[in-house]
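Presented below is the structure to which this report refers.
The values are calculated or read from the model by the stated rules, or taken from the named source; none is laboratory data. Predicted, not measured: the structure shown is a model, and the values here were computed from it. Cβ placement follows ideal geometry from the backbone for every residue including glycine, while neighbour counts extend to all protein chains displayed. Side chains included, ligands, DNA and RNA excluded: accessible areas come from the protein's heavy atoms. Shrake-Rupley method; radii C 1.70, N 1.55, O 1.52, S 1.80 Å.
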Amino acid sequence: MKHLLSENLGLFSMANTMNFSYKINEDSSFMDNHLTLFYFFGKILGKALFDRIPLNICLNVSVFKALVGEVHEGDY
């Protein structure tokens, strides 16, 4: 998870909030395999939630909305 969230990879970036959280990097679409990596990230996150494995990551509210299907245009 640390590697997938690192800013060197480019999938996620730090959100402009008072809290320490990650948001989807707008420039990640320029990577060749960004969709595959986001899919992989989702699989790992889903497996950890299913197995009740705590992950020490803070995702932005817009990412949580995307996970539960409440994303509307302009939320990112």
Residue count, region 14-52 (criterion: part of a helix (DSSP H, G or I) and in contact with a Ser or Thr (Cβ under 6 Å, 6 or more places away or on another chain)): 1
Filtered residue count, region 3-30, keeping only those that are over 17 Å from PHE64 (Cα atoms) and in contact with a Gly (Cβ under 6 Å, 6 or more places away or on another chain): 1
Residue check for PHE40: open to solvent by 60 Å² or more (accessible area, probe 1.4 Å), at pLDDT 85 or above and on the phi < 0 side of the Ramachandran plot: yes
Pairs with Cβ under 7 Å, 6+ apart, first in region 52-64 and without any contact (Cβ under 8 Å) to a residue 40 or more places away in the chain, second exposed (fewer than 14 other Cβ atoms within 10 Å of the Cβ): CYS58/ASN19; CYS58/PHE20; SER62/ASP75; SER62/TYR76
Within region 1-36, tally of residues that are in contact with a helix residue (DSSP H, G or I) (Cβ under 7 Å, 6 or more places away or on another chain), open to solvent by 30 Å² or more (accessible area, probe 1.4 Å) and hydrophobic (A, V, I, L, M, F, W, C): 3
